[in-house]
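K.L.:
Below are the C-alpha cells for one structure; questions will follow.
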Amino acid sequence: MNRLLADLRIVEVSAFVAAPLGGMTMAQLGAEVIRIDPVGGGIDHNRWPVAPNGASLYWAGLNKAKRSVALALDRPEGRELARAIAVAPGSGAGIMLSNLPPLSGLDYESLKAERQDMILLRLTGNRDGSAAVDYTVNAASGFPLVTGPGDGRPVNHVLPAWDIAAGLYLATALLAAERHRARTGAGQEVTLALSDVMLATVGNLGYVGDVEINGRARPALGNDLYGSFGRDFATADRRRIIVIALTPRQWRGLGRATGLADKFARIAEILEADLETEAGRFEARDMIAALLAPWCAARTLVEIAAAFAGTGVLWGPFQDFVELVRDDPHCSTANPLFAEIEQPGIGRYRMPGLPLDFAAAPREPTRPAPRLGEHTDMVLSGVLGLSGAEIARLYEAGIAAGPA
C-alpha cells in the first residue's frame, strides 16, 4: 500500500477476478477506487471460499482498500446515480473500469456525453463480443492438453491465469490512458478481450511460432521442464520436490551438491550430449532423473534443504495451501507483504498488500475490503453533494443501501 496514485478516482462496476484485481491494484497504489454493486451484492459477493458465517473470503481478498457503494442498478434512478459518480468533476476523476455488459447510461457514449475526457476500460470475453470466462479461454489455449501425464485428457488448472493477466493489463492500460489524457486532455474507451490475453501469451511464449515455423507443438511432459532439465522427485519422508537446472551454474551446482557430477559427465559421454546446454539436458533428462531419483529418495526434505543450501541449486518443495500458510516463512508477517488485518464481518487474519516496493513511497498498512455499501453515504454526499435528507429518501426507496 502507498499513496502514489492518490490523485485518481476510479469507479469500478465489476465481478469475479479480472476487473476487481485491476481496481484493487490501483487502490493499493493509493487511488480512490469506488466499487459500485447492486443492493444486496453482485454475482460474486458470496463466492467461495467463505468463512463459517458465509462471508466471502474471495470477495474480501479482491476488494481490499476500495470504497463500496450499493445502488439499485436495475432501476433508472440507481443507474443515474452510478453515472453521476463516474462523471463527477475532478482532474483525476472520470475513469471507469468494468467487465460487465454495459448498463443503460453507463456505456461509453453516454458517459462521454456528460464528460468529454471520460476514460472507460472495458473487459469482454471474446473480441467478437461473445461470452467467455477464464476456464473456457483456457480450454482453447492448448495448455490443458500439454499439462499432466499426456494421456489425452485435459487438465484444467485451478489458477485463473488469464483473469489475473487481464486484471494487470487493465491496470497498465488505465495508467496509459490517464497519461494520454494528462498530455492531450482527451479521454477514450479502452477495450480488452480475455481471449486476446490468452492468444497474446501463447504467441509471446513462442507456441504460435513453433507451429507455423517448425510445424510442431510442444508435447505433454508431465512435470518435466520443456527444453531444459526439471522434474519432480520423492523424498524419504514422502514429500515431493522440484529440481530445475536452467543455467550452466545451476547444473554444475546440482552435480557438486549431490556428488553426482562424475556420473552426469558419464551420461554426456554415453549420449554424446552437451549437458552444459539446455537442449542437451533436455535430451538426457530421463538418465539424469534416474540418478537423481534415488539420491532424493534416500534423504528427507530437511536433509535435501541442507545439502542444497548455498550451492546455487534451483529447487523447491511442493506444498499444499495448509503447508504454505502454516510453515512457509515467506507467507508470514515476517514478509512485509503480509499483515494481520481485521476484516469486517470475517475476523482477523493474514492479508497481503501490494507486492511492489517503491523507494520513494514507503509501504503503508494494508487496508481491508469494505463491507458492501459501507461508503454509500460518504460517496453520495462527498462526490455528488447530496443532502442527508435526499440520501435518506434513496435508502427508503431502495435505490441505495448501506452496510447490512
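K.L.:
Check ALA334, ALA339 and return the single one that is out of contact with any Asp or Glu (no Cβ under 6 Å at 6 or more places or on another chain) and without any contact (Cβ under 8 Å) to a residue 12 or more places away in the chain.
P.N.:
Exactly one of ALA334, ALA339 is out of contact with any Asp or Glu (no Cβ under 6 Å at 6 or more places or on another chain) and without any contact (Cβ under 8 Å) to a residue 12 or more places away in the chain, namely ALA334.
K.L.:
List the number of the failed condition for ILE10; all other conditions in (1) surrounded by fewer than 23 Cβ atoms within 10 Å (Cβ to Cβ); (2) touching a helix residue (DSSP H, G or I) at 6+ places or on another chain (Cβ under 6 Å) hold.
P.N.:
Only one criterion in (1) surrounded by fewer than 23 Cβ atoms within 10 Å (Cβ to Cβ); (2) touching a helix residue (DSSP H, G or I) at 6+ places or on another chain (Cβ under 6 Å) is unmet by ILE10, namely (1).
K.L.:
Does SER68 satisfy the condition of being touching a His at 6+ places or on another chain (Cβ under 6 Å) and in contact (Cβ under 8 Å) with a residue 60 or more places away in the chain?
P.N.:
yes
K.L.:
Next question. Just the residues that are of a type in the set (Gly, Ala, Ser) and not in a helix (DSSP H, G or I), please, taken from the range 252-295. Steps first, please.
P.N.:
Let us first name the residues in the range 252-295 that are of a type in the set (Gly, Ala, Ser), namely 253, 255, 257, 259, 261, 265, 268, 273, 279-280, 284, 289-290, 293.
Matches in the range 252-295: GLY259, ALA273, ALA284.
K.L.:
Of everything in the range 14-29, what is open to solvent by 10 Å² or more (accessible area, probe 1.4 Å) and either of a type in the set (A, V, I, L, M) or part of a helix (DSSP H, G or I) (or both)? Give them in sequence order.
P.N.:
Of everything in the range 14-29, those that are open to solvent by 10 Å² or more (accessible area, probe 1.4 Å) and either of a type in the set (A, V, I, L, M) or part of a helix (DSSP H, G or I) (or both) turn out to be VAL17, LEU21, MET24, THR25, LEU29.
K.L.:
Also, quick follow-up: Between a first residue in the range 29-58 that is more than 27 Å from LEU8 (Cβ to Cβ) and a second residue that is assigned to a strand (DSSP E or B), which pairs have beta carbons less than 6 Å apart while being 6 or more apart in sequence or on different chains?
P.N.:
Correct list of pairs: ASN46/SER56; ARG47/SER56; VAL50/SER56.
K.L.:
Can you pull out every residue in the range 360-388 that is surrounded by 15 or more Cβ atoms within 10 Å (Cβ to Cβ), part of a loop (DSSP other than H, G, I, E, B) and not basic (Lys, Arg)?
P.N.:
THR366, PRO368, ALA369, PRO370, LEU372, GLY373, GLU374, HIS375, VAL383, LEU386
K.L.:
Ok, one more. What strands (runs of 3 or more DSSP E) completely inside the range 169-251 contain at least 3 residues that are more than 26 Å from PRO294 (Cβ to Cβ)?
P.N.:
188-193
K.L.:
While we're here: Pairs needed: first member in the range 348-363, among the aromatic types (Phe, Trp, Tyr); second member anywhere, at pLDDT below 95 and open to solvent by less than 80 Å² (accessible area, probe 1.4 Å); C-beta distance under 9 Å; at least 6 residues apart or different chains.
P.N.:
Short answer, once both residue conditions are applied: PHE358/ASN2.
K.L.:
For the range 177-213, what are the residues that are within 28 Å of GLY92 (Cβ to Cβ) and within 18 Å of the chain's Cα centre (by Cα)? Walk me through it before giving the result.
P.N.:
Narrowing the range 177-213 to residues within 28 Å of GLY92 (Cβ to Cβ): 177-194, 197.
Residues satisfying the conditions are LEU192, ALA193, LEU194, VAL197.
K.L.:
Report those helices (runs of 4 or more DSSP H) wholly inside the range 57-121 carrying at least 2 residues which are farther than 15 Å from GLY23 by Cβ and open to solvent by less than 50 Å² (accessible area, probe 1.4 Å).
P.N.:
Here the list reads 76-86, 108-114.
K.L.:
Exactly one condition in (1) of a type outside the set (Gly, Ala, Ser); (2) open to solvent by less than 60 Å² (accessible area, probe 1.4 Å); (3) within 21 Å of the chain's Cα centre (by Cα) is false for THR172; which is it?
P.N.:
Among (1) of a type outside the set (Gly, Ala, Ser); (2) open to solvent by less than 60 Å² (accessible area, probe 1.4 Å); (3) within 21 Å of the chain's Cα centre (by Cα), the lone unmet condition for THR172 is (2).
K.L.:
Working only within the range 122-133, note down all residues that are open to solvent by 50 Å² or more (accessible area, probe 1.4 Å) and either in a strand (DSSP E or B) or under 17 Å from PRO76 (Cβ atoms) (or both).
P.N.:
ARG122
K.L.:
Also, quick follow-up: Open to solvent by 10 Å² or more (accessible area, probe 1.4 Å) and at positive phi - does that describe any residue in the range 30-41?
P.N.:
Yes, the range 30-41 contains a residue that is open to solvent by 10 Å² or more (accessible area, probe 1.4 Å) and at positive phi.
K.L.:
Restricting attention to the range 299-321, report how many residues are open to solvent by less than 70 Å² (accessible area, probe 1.4 Å), of a type in the set (A, V, I, L, M) and touching a helix residue (DSSP H, G or I) at 6+ places or on another chain (Cβ under 8 Å).
P.N.:
3
K.L.:
Here is a further query. Being closer than 18 Å to SER56 by Cβ and open to solvent by less than 60 Å² (accessible area, probe 1.4 Å) narrows it down to one of GLY345, GLY402, GLY353, so name that one.
P.N.:
None of the others qualify; the one that does is GLY345.
K.L.:
For ILE164, only one of the following conditions fails: (1) touching a residue at least 60 places away in the same chain (Cβ under 8 Å); (2) in a loop (DSSP other than H, G, I, E, B); (3) in contact with a helix residue (DSSP H, G or I) (Cβ under 8 Å, 6 or more places away or on another chain); (4) surrounded by fewer than 18 Cβ atoms within 10 Å (Cβ to Cβ). What is its number?
P.N.:
That leaves (2) as the condition not met.
The values are calculated or read from the model by the stated rules, or taken from the named source; none is laboratory data. Being a predicted model, the structure only gives us computed values, none of them experimental. Ideal geometry is used to build each Cβ from the backbone, glycine not excepted, and the neighbour counts take in all protein chains shown. Note: accessible area is taken over every heavy atom of the protein model, side chains too, but ligands, DNA and RNA are not part of it. Shrake-Rupley method; radii C 1.70, N 1.55, O 1.52, S 1.80 Å.
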